[in-house]
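**Q** Structure incoming, see below.
The values are calculated or read from the model by the stated rules, or taken from the named source; none is laboratory data. Since this is a predicted model, take the numbers as computed values, not measurements. Don't worry about glycine lacking a Cβ; one is built from the backbone with ideal geometry, like all the others, and counts go over all protein chains shown. Accessible surface is based on the protein model in full, side chains and every heavy atom, while ligands, DNA and RNA are left aside. Shrake-Rupley method; radii C 1.70, N 1.55, O 1.52, S 1.80 Å.
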Amino acid sequence: MMPGSQQWCALLAKGALEAGLPLQLNHIELMGRHARALLEWNRNINLTAITDPADVAVKHFLDAIVPSHHIPWEGELLDIGTGGGFPGIPLKILRPDQPMTLIDGSRKKINFVKHAIRILCLEKIEALQARAEDLADRPENRGRFDVVVSRAVSDLAVMARLALPLLAPQGKLLLYQGPSESPRQADAAMLLAPSLTLMTKVEYRLPVLGDQRTLLVIGKTVS
Ligand code: SAM
């Protein structure tokens, strides 16, 4: 199966529908274009360990969008450690009006994300080569983001520390977690900084494969 082929698009559409998320044709077309570019660039730079096109559809695109109704649509969104653009780019495809910033410490990965933004003609989105801790050093970024998302970057305690200074006073931090991170979730609330509260643990299954995933929804409670 080629990424972006009719068969690939059908798998993506069917999986999204299975999760109660009907995709429009333009969403599917843009995700196909992103997937093709991801696997092409992946031959030369290490963007993802997932190289089977069907797995890319399920483990990258569907994982990013299936729990997305728990991610606020209002305000500016930051994706920390976006890698090949996940979850930021699939979220952007679904929400063209929400301003987004995607950061990664790796220049090569950000060069790819910039390329993807260009070929998908996405607007109100910026890709920056930066580490989260350095972004927070700049006064204009402190308390700037209403929504911070991140997947597969670091553990909860580290992510809480990185996101806290960047979050707006009533901001939300959404952490996508895979199965290997599950045991830590029991202690989630205790690991958090006092001004962060674990609001919801959204458990969901990846369409098609049925693998268990979790989205932690964490709220900032003071300025
Ligand atoms: N989020 C993507 C995904 O789920 O496919 C990429 C995950 S990859 C395992 C982790 C990424 O986080 C790497 O690209 C790495 O360069 C980046 N990263 C790690 N620590 C970071 C930090 N403190 N600030 C920005 N990026 C970071």
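**Q** Does GLY88 count as under 22 Å from VAL202 (Cα atoms), under 11 Å from the mean Cα position of the chain (by Cα) and at pLDDT 95 or above? Before the answer, list the steps.
**A** Details: under 22 Å from VAL202 (Cα atoms): yes; under 11 Å from the mean Cα position of the chain (by Cα): yes; at pLDDT 95 or above: yes.
Against the criterion (under 22 Å from VAL202 (Cα atoms), under 11 Å from the mean Cα position of the chain (by Cα) and at pLDDT 95 or above), GLY88 qualifies.
**Q** Taking segment 83-102 on its own, how many of its residues are within 10 Å of the ligand (Cβ to nearest atom), surrounded by fewer than 24 Cβ atoms within 10 Å (Cβ to Cβ) and aliphatic (A, V, I, L, M)?
**A** 0
**Q** Here is a check on your reading of the model: is GLY75 of a type in the set (Gly, Ala, Ser) and under 13 Å from the mean Cα position of the chain (by Cα)? First the steps, then the outcome.
**A** Working: of a type in the set (Gly, Ala, Ser): yes; under 13 Å from the mean Cα position of the chain (by Cα): no.
No, not satisfied.
**Q** While we're looking at this one, here's another question. Quick one: SER154 ticks every box in (1) open to solvent by 30 Å² or more (accessible area, probe 1.4 Å); (2) in a strand (DSSP E or B) bar one, so which box is it?
**A** Here SER154 meets the rest and fails (2).
**Q** Quick check: is even one residue across segment 29-39 in contact with a His (Cβ under 7 Å, 6 or more places away or on another chain), surrounded by 15 or more Cβ atoms within 10 Å (Cβ to Cβ) and assigned to a helix (DSSP H, G or I)?
**A** Our first condition is that a residue be in contact with a His (Cβ under 7 Å, 6 or more places away or on another chain); within segment 29-39, this holds for 37.
Then drop every residue that is not surrounded by 15 or more Cβ atoms within 10 Å (Cβ to Cβ), which leaves 37.
Subsequent filtering for residues that are assigned to a helix (DSSP H, G or I) retains 37.
Yes, segment 29-39 contains a residue that is in contact with a His (Cβ under 7 Å, 6 or more places away or on another chain), surrounded by 15 or more Cβ atoms within 10 Å (Cβ to Cβ) and assigned to a helix (DSSP H, G or I).
**Q** Pairs, please: C-beta under 6 Å, at least 6 apart or cross-chain, first residue touching a residue at least 12 places away in the same chain (Cβ under 8 Å) and in segment 84-97, second of a type in the set (D, E, K, R) and buried (at least 24 other Cβ atoms within 10 Å of the Cβ)?
**A** GLY88/ASP79
**Q** Scan segment 129-165 for residues that are of a type in the set (Lys, Arg), in contact (Cβ under 8 Å) with a residue 40 or more places away in the chain and more than 13 Å from the ligand (Cβ to nearest atom) and jot them down.
**A** Start the filter on segment 129-165 by keeping residues that are of a type in the set (Lys, Arg), which leaves 131, 138, 142, 144, 151, 161.
Then keep just the ones that are in contact (Cβ under 8 Å) with a residue 40 or more places away in the chain; that gives 144, 151.
Within segment 129-165, ARG144 is the sole residue that qualifies.
**Q** A further question on this structure: Could you check segment 117-140 and list, in sequence order, the residues that are out of contact with any Ser or Thr (no Cβ under 9 Å at 6 or more places or on another chain) and more than 26 Å from ARG33 (Cα to Cα)?
**A** ARG131, GLU133, ASP134, ALA136, ASP137, ARG138, PRO139, GLU140
Okay, residues lined up against (1) within 21 Å of ILE50 (Cα to Cα); (2) part of a loop (DSSP other than H, G, I, E, B); (3) β-branched (Val, Ile, Thr):
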{"position": "GLY84", "(1), (2), (3)": "yes, yes, no"}
{"position": "THR101", "(1), (2), (3)": "no, no, yes"}
{"position": "CYS121", "(1), (2), (3)": "no, yes, no"}
{"position": "ASP146", "(1), (2), (3)": "no, no, no"}
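**Q** Has segment 182-201 got any residue that is at pLDDT below 95, farther than 18 Å from LEU102 by Cβ and basic (Lys, Arg)? Walk me through how you get there before you give the answer.
**A** From segment 182-201, those at pLDDT below 95 are 182-201; that's our starting set.
Those left that are additionally farther than 18 Å from LEU102 by Cβ: 182-201.
From the residues that got through so far, the ones that are basic (Lys, Arg) too are 184, 201.
Looking through segment 182-201, at least one residue is at pLDDT below 95, farther than 18 Å from LEU102 by Cβ and basic (Lys, Arg).
**Q** If I ask for residues that are within 14 Å of the ligand (Cβ to nearest atom) and open to solvent by less than 10 Å² (accessible area, probe 1.4 Å), which ones from segment 69-82 would you list?
**A** Here is the first cut: in segment 69-82, the ones within 14 Å of the ligand (Cβ to nearest atom) are 77-82.
Within segment 69-82, LEU77, LEU78, ASP79, ILE80, THR82 qualify.
**Q** Next up: Looking at (1) within 14 Å of the ligand (Cβ to nearest atom); (2) open to solvent by less than 40 Å² (accessible area, probe 1.4 Å), find the lone condition where ARG107 falls short.
**A** Every condition holds for ARG107 apart from (2).
**Q** May I ask you to verify whether LEU25 is over 27 Å from PRO179 (Cβ atoms) and open to solvent by 10 Å² or more (accessible area, probe 1.4 Å)? Step through it out loud before you land on a result.
**A** Working: over 27 Å from PRO179 (Cβ atoms): yes; open to solvent by 10 Å² or more (accessible area, probe 1.4 Å): yes.
The answer is yes for LEU25.
**Q** Mind listing just one residue for me: the one in segment 112-121 that is at negative phi and without any contact (Cβ under 8 Å) to a residue 60 or more places away in the chain and, of those, nearest to the ligand (Cβ to nearest atom)?
**A** VAL113
**Q** From ALA136, ALA116, which residue is open to solvent by less than 10 Å² (accessible area, probe 1.4 Å) and at pLDDT below 95? Before you say what the answer is, go through the steps one by one.
**A** Working: ALA116 fails: at pLDDT below 95.
ALA136 is the lone residue from the list that is open to solvent by less than 10 Å² (accessible area, probe 1.4 Å) and at pLDDT below 95.
**Q** Further question on the same structure: Provide a single number: the residues in segment 49-65 that are within 14 Å of the ligand (Cβ to nearest atom) and in a loop (DSSP other than H, G, I, E, B).
**A** At the first step, the residues of segment 49-65 found to be within 14 Å of the ligand (Cβ to nearest atom) are 49-51, 55-65.
If we keep only those that are in a loop (DSSP other than H, G, I, E, B) as well, we get 49-51.
Summing the residues that are within 14 Å of the ligand (Cβ to nearest atom) and in a loop (DSSP other than H, G, I, E, B) in segment 49-65 gives 3.
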